[in-house]
Amino acid sequence: MKSELVKVYVSLSHLSSVSAMAAVASFVSPSAIAPLRRSCAIASRRFFCSPSSASRASRTQFRGLTRTAEQRSLKSAEVAASVVAASRSQAFYWAIPARKMSEVAASAVGQSTGGPDSSEHLKSPVVSVDWLHQHLKDPNVKVLDASWYMPGDQRNPLKEYQECHIPSALFFDVDGVVDPISELPHMLPTEAAFAAAASALGLSNEDNLIVYDGKGLFSAARVWWMFRAFGHENVWVLDGGFPKWRAKNYPVESTVSPDVLQKIESASGSVKKIYTQEKVEPSTFKAELQPHLVWSRDQVLNNIGDKKFQLVDARSKGRFDGTAPEPRKGIRGGHIPGSTCVPFPEVLSSEGTLLDASELAGKFRGSGVSLDSPIVASCGTGVTACILALALHRLGKKDVAVYDGSWTEWGMDPNTPVATNIPANH
C-alpha cells in the first residue's frame, strides 16, 4: 500500500441508499472486510458506542455496507483496507489508490458527495480542464456553457455554442434565466422560475455541474453563483474555460441535436411561463434561495452607515473613480461610498485561470480588504462581482454576498449617494 492515497468522502446521510452502499462495496474486496472492521473498531470506538440516534443509524448503515461488500466477489487488491469513521463530522473517509479514482469516481463519489474527487478540488470552487477531460463521461457530471458577452464584444454566445462546444455540454442562457419583469439586466429570477429552467435543461440536485464560458473565466462565475444562491453547492467553474480546453486540444462537438436545442429554448421559455402563471413541466430541480448570498440596494444603503460589511467593487479603477465613462447610457460614474476597488482581472492569471490562494490573499489585502471581515461584492451588472466571490471562496470565504443590481441599479438612481476620485483639474 505504498501508492499515493486519495481520500474519498462518503457522507453517512447518503449511505442509507442501497445504490451508495453498492457503489462503495463494488471496490472493497472481500479480503478487505476483516481489516476494515478492525480499523473501524480502533479508530472510531467512540463513534460506534455513541448513544445518539444519528450514531445508531450510522452503525446500521455501516453494517449494511459491510454485508453488501462481503457478498461481492470483485477483485480489487489495490484497494487500501483502512476506513476512518469521524464522529465529529459523521462521515467516512475511504482511502483508495489514486490511480483507481477514475474507475470509482462516477459511482462512489458521484453517488455520495457528488463532487470532484480530490481534497484540493473539494476545497476549490474550480476544476481544471484535465480533471474535466478525465471525468467528462461520469454519469453525474453535467457541463454547462454559460458564455455571455458585453454588447461591445459583438459576439453571439448561443451561435458560438452551436458551432463548437465541449462534448455533451448544455447552453445556459444568462440573459434568458432572469427576472423578466426587472428593468435591470440579468437579475435573479424567482425560486420557481430558476427551478423550472434547470429542470427544462434536464438538471437535478444530484448533478455535479461544471460551468465554463468562452472568455476563460468570466460569465461562468455568475452561473456558479446563481446555482449556489439557489442552494445547489455541487457546482464548479472550469478554470480557464473553453480557451484552456481548446489549448489542450481536447475534443469538441460542432453539432447540436434538435432535442438539446429544445431543452435550451424551454429553459428560458419556462421562466417566462412562471412569471405569466402558465403551466410548466414538473420540476426535477429544487431551488431554495439563500438570502445571505444576495444583497439588495436597501441593504447596501443601510451598510453605508452600519459599515458591518466591506463592499468590494470588481469594475475597473477608472469606472470606480469616475474618470472613465460607464458602458451604459444614463449611469453616473463613481462608486458606492466606503467601497474598495479590486478589478476582477487582478484575480486572474494571464491564461484566464484563477490565481492560487496565496496570490489572491495578497491581492485583496494589498487593496485594503480584510479577509477576517464579511464581504459583499459588486460590479456593473452583477457578473464580474461573482468572479470576486469565486476568488474569495478559494480563500475559504464561502459566504460572500453579491449585490445583484450592482452599479447599474445604484448609478441610475438619482437618490443614491455616489463618491468619486476625480482630480480637481480633471
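The values are calculated or read from the model by the stated rules, or taken from the named source; none is laboratory data. This is a predicted model, so every value here is computed, not measured. Here Cβ is always computed from backbone atoms with ideal geometry, including for glycine, and neighbour counts include all displayed protein chains.
Observations
- From the list GLU253, GLU233, the one residue that fits, being modelled with pLDDT of 95 or more and more than 21 Å from LEU188 (Cβ to Cβ), is GLU253.
- For the residues ASP313, ASP321, the requirement of being surrounded by 21 or more Cβ atoms within 10 Å (Cβ to Cβ), in contact (Cβ under 8 Å) with a residue 40 or more places away in the chain, of a type in the set (Asp, Glu) and within 25 Å of LEU390 (Cα to Cα) singles out ASP313.
- Close pairs from segment 337-354: first in the same structural domain as THR384 (by TED's automatic domain parsing) and over 30 Å from THR420 (Cβ atoms), partner among the hydroxyl-bearing types (Ser, Thr, Tyr) and part of a loop (DSSP other than H, G, I, E, B), Cβ under 9 Å, at least 6 apart: THR353/SER128; LEU354/SER124
- Matching residues, segment 288-310, being among the hydrophobic types (A, V, I, L, M, F, W, C) and more than 22 Å from ILE387 (Cα to Cα): LEU301, ILE304
- Complete set of residues in segment 161-176 that are more than 17 Å from the chain's Cα centre (by Cα) and surrounded by 20 or more Cβ atoms within 10 Å (Cβ to Cβ): TYR161, HIS165, ILE166, GLY176
- Flag if LEU217 is crowded, with 17+ Cβ neighbours inside 10 Å and hydrophobic (A, V, I, L, M, F, W, C): yes
- Selection within segment 344-379 - in contact with a Phe, Trp or Tyr (Cβ under 9 Å, 6 or more places away or on another chain) and of a type in the set (Gly, Ala, Ser): GLY352, SER370, SER373, ALA377, SER378
- Hits in segment 385-403 (condition: surrounded by fewer than 24 Cβ atoms within 10 Å (Cβ to Cβ) and outside any helix (DSSP H, G or I)): LEU395, GLY396, LYS397, LYS398, ASP399
- Taking segment 253-328 and the helices (runs of 4 or more DSSP H) fully enclosed by it, the elements with 2 or more residues that are in the same structural domain as GLY382 (by TED's automatic domain parsing) and within 30 Å of VAL347 (Cα to Cα) are at 297-306, 317-321.
- Scanning segment 253-296 for residues that are over 21 Å from PHE171 (Cα atoms) and either more than 25 Å from the chain's Cα centre (by Cα) or surrounded by fewer than 17 Cβ atoms within 10 Å (Cβ to Cβ) (or both) turns up TYR275, THR276, GLN277, GLU278, LYS279, GLU288, LEU289, GLN290, PRO291, HIS292, SER296.
- Only one entry of LEU289, LEU209, LEU217, LEU238 meets the criterion of being aliphatic (A, V, I, L, M), touching a Gly at 6+ places or on another chain (Cβ under 8 Å) and closer than 19 Å to ASP130 by Cβ, and that entry is LEU217.
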